[in-house]
Amino acid sequence: MLRAASRFLHGRNAFYVSLLLLPPLLWLGTAYLGSLFALLAQSFYAIDEFTAKVVPELTLATYRQLFTQPANVDIVLRTVAMAFAVTTACGIVAFPVANYMARHAGPKIKALLYVGVMLPMWTSYLVKVYAWRLILAKQGIVAWGFDAAGATPVLDRLLATPVVGGPSLSSSYLGMFIVFVYMWLPFMILPLAAALERVPASLLQASADLGARPGQTFRNVLLPLALPGLAAGSVFTFSLTLGDYIIPSVVGAPGFFIGMMVYQLQGTAGNLPLAAAFSVVPIVLIGLYLTLARRLGAFDAL
Amino acid sequence: MTAAIELRDASRAFGSVVALDRVSLEIAPGEFFALLGPSGSGKTTCLRLIAGFDQPDSGQVLLDGVDVTDVPPFDRDVNTVFQDYALFPHMSVAENVAYGLRVRRIATVERRKRAAEMLELVRLDDFAERRPTQLSGGQKQRVALARALINGPKVLLLDEPLGALDLKLREEMQAELKGLQQRLGITFVFVTHDQGEALSMADRVAVFNAGRIEQLDTPRGLYTRPRTAFVASFVGSANVVSGALAEHITGRCAPFAIRPELIEIRPAEGALPEGLLTAAGTLEDVLYHGASSRCHVRIDADTLLSVARAESAGAAPLPPAGSRVRLAWRPADAVTLES
């Protein structure tokens, strides 16, 4: 029976490949892309203000509402600013770690570091977020550490900063930023380390050999060749921050973020079109970001 | 005259492996110098010490009489052509070549002009805008050369420069490198495991074995006067005879080497001219190579001598395999080796 099936498939390559691809393509096509398009379509529907029922008529009213109501614009800008800050910080923190993992660590230390980077991802996301709320609380370990080091004035100065500050780290944008950076750091380190590992050591030696000081070698050779990794990592950190609704609701100042709005609008408020319009924002932003990265040559070395 | 490059008692160990063991070396300005040896013999470590990619555990590296042991590569007046060429994949050929000027903050116009000149020197002017991935191995090699030469170094280091090329291209590049070196008049130091390459290109050759220089000589000197059995068999092919058999043949208790082309095959019987050294044996096989034939003659259980015979038109036919033959050579052609 099996033998007959094998014999039948042998030589019928196109049939064989389509047989293998059919289930994943069905899944991707219907469950994944289908729901995405359903979402997109929803954002062009209107909502009846009295009955709160979705009216399946194509209209731009929802988008007008999104981009003209100052509160909604604020939410988008706030979320995008946070995503930029988190992505930048992740890049800066991840680079030395990824570089050490990829280029300098021996096999044992390297394995240890990879496990170390991934270990936090094996823990429940909620546990980590609530743990951070305690860590950053007014009487939490961070505040205690500043106190023990006699640096409480420094912390107070930080918290007195307009916009990002607040009564305590756990109720300020600064604290939210710290938690975001912690959460998404592995998503930046791993692709970056993979990209750096593909850069042959001889390229860096050649650069030094031709007279480039370490800073120049970093700017001219290592960084451009690591760009695909940085781009991949930043797409993760950027989109994860844009879409998250748990961290902003557990840690940080009371201002709303896109994810929280989507959660609330499709739930209690029951305004699916606006929820859909809000969730289109990250998709468009990531699309723009990838186009820009491509224009700047981030993927030329691939 | 001050040596262009000097190593003084340079040693380098990696863990328990001694890569370089108190090596001293002087390379004259304008010399084409080869570091020859099998893999792991220390030749590449030696090159890396000169380039500055590595520091000796003890000893010194001098360039032009100045101690540069602790000087980083970017401050050394030395440039390298890497074994894998190490061309920057995200830059065009012209940008690769101009890189040395760019990091020295030379103006863009000047940079373009000099890069174009260098590309002309290696006959790649039409390829300036290509990416390295669009080039063949030989073209990459020439880009690497142009890039290394643009800063006008006093010394050019080449790490297995021809290793990745096919045979025909390799022979072309040998002639090209030699010509380039003569035109530029700068010191070339190249690492190779191919003795043919070292003999045909270099003015002098340092033969490395187990972290030491076994012999440093001209190609002709190495070939005709090898000092040790290692050099005799690594540089060209040689029959090395030692022990009791050597004593039996020469009457002296010292190993000696004899090149296959200097041995004559004669019939087992019959008169011999006076003063030749001889060894009797059985002809095991004959391999025909066109211009010459290679015969293997078994003298005793441990000794198989190799004889190269020119296949000129008048060459007498060889006896069939299995025949008893006598090998003869002039005493002056056998080189006594250090035991």
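Restricting attention to the stretch A:209-253, the residues that are away from chain B (no Cβ under 14 Å) and in contact (Cβ under 8 Å) with a residue 24 or more places away in the chain add up to 20. Looking across the stretch B:90-106, not a single residue is at the interface with another protein chain (Cβ under 7 Å from one of its Cβ atoms), surrounded by fewer than 20 Cβ atoms within 10 Å (Cβ to Cβ) and small (Gly, Ala, Ser). With respect to the stated conditions, B:Ala115 is closer than 26 Å to A:Gly215 by Cα, modelled with pLDDT under 95 and within 14 Å of chain A (Cβ to nearest Cβ). A:Pro23 - would you say it is closer than 30 Å to A:Met183 by Cβ and exposed (fewer than 10 other Cβ atoms within 10 Å of the Cβ)? For A:Pro23, the condition - closer than 30 Å to A:Met183 by Cβ and exposed (fewer than 10 other Cβ atoms within 10 Å of the Cβ) - is not met. A:Leu28 - would you say it is within 30 Å of A:Ala276 (Cα to Cα) and surrounded by 10 or more Cβ atoms within 10 Å (Cβ to Cβ)? Yes, satisfied.
Table: residues versus (1) surrounded by 11 or more Cβ atoms within 10 Å (Cβ to Cβ); (2) in a loop (DSSP other than H, G, I, E, B); (3) touching a Leu at 6+ places or on another chain (Cβ under 9 Å).
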site	(1), (2), (3)
B:Cys253	yes, yes, no
B:Glu261	yes, no, no
B:Leu272	yes, yes, no
B:Gly281	yes, no, yes
B:Glu284	yes, no, yes
B:Ile299	yes, no, yes
B:Leu318	yes, yes, yes
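Looking only at residues of the stretch A:190-206 that are at the interface with another protein chain (Cβ under 8 Å from one of its Cβ atoms) and closer than 19 Å to A:Pro228 by Cβ, we find that the one that is surrounded by the fewest Cβ atoms within 10 Å (Cβ to Cβ) is A:Pro200.
Is it the case that some residue within the stretch B:80-89 is touching a strand residue (DSSP E or B) at 6+ places or on another chain (Cβ under 6 Å), within 13 Å of another protein chain (Cβ to nearest Cβ) and in a strand (DSSP E or B)? Outline the logic, then answer.
Of the residues in the stretch B:80-89, the ones touching a strand residue (DSSP E or B) at 6+ places or on another chain (Cβ under 6 Å) are B:80-83.
The next check asks that each one be within 13 Å of another protein chain (Cβ to nearest Cβ); those that pass are B:80-83.
Cutting the leftovers down to in a strand (DSSP E or B) gives us B:80-81.
Yes; the residues of the stretch B:80-89 include at least one that is touching a strand residue (DSSP E or B) at 6+ places or on another chain (Cβ under 6 Å), within 13 Å of another protein chain (Cβ to nearest Cβ) and in a strand (DSSP E or B).
Need the failing condition index for B:Val18 against (1) outside any strand (DSSP E or B); (2) more than 13 Å from chain A (Cβ to nearest Cβ); (3) β-branched (Val, Ile, Thr), just the number. Going through (1) outside any strand (DSSP E or B); (2) more than 13 Å from chain A (Cβ to nearest Cβ); (3) β-branched (Val, Ile, Thr) one by one, B:Val18 breaks only (1). Evaluating A:Phe187 against the criteria (1) surrounded by fewer than 17 Cβ atoms within 10 Å (Cβ to Cβ); (2) assigned to a helix (DSSP H, G or I); (3) away from chain B (no Cβ under 14 Å) leaves one unmet condition, (1).
Within the stretch A:126-140, being at pLDDT below 90 and either more than 16 Å from A:Leu174 (Cα to Cα) or polar (S, T, N, Q) (or both) holds for one residue alone: A:Gln139.
All conditions in (1) out of contact with any Cys (no Cβ under 9 Å at 6 or more places or on another chain); (2) surrounded by 18 or more Cβ atoms within 10 Å (Cβ to Cβ); (3) under 28 Å from B:Ala315 (Cα atoms); (4) in contact (Cβ under 8 Å) with a residue 40 or more places away in the chain hold for B:Tyr223, with the sole exception of (4).
Going through B:Ala198, B:Ala206, B:Ala148, B:Ala175 one at a time, which residue ends up being in a strand (DSSP E or B) and either at negative phi or in the same structural domain as B:Arg123 (by TED's automatic domain parsing) (or both)?
B:Ala206
Just one of B:Leu262, B:Leu272, B:Leu283 is modelled with pLDDT of 90 or more, of a type in the set (A, V, I, L, M, F, W, C) and more than 21 Å from B:Gly236 (Cα to Cα); which is it? Answer to the selection: B:Leu283.
The values are calculated or read from the model by the stated rules, or taken from the named source; none is laboratory data. The shown structure was predicted, so the numbers you read here are calculated from the model rather than taken from an experiment. In this analysis, Cβ positions are derived from the backbone assuming ideal geometry, glycine residues included, and neighbour counts consider all displayed protein chains.
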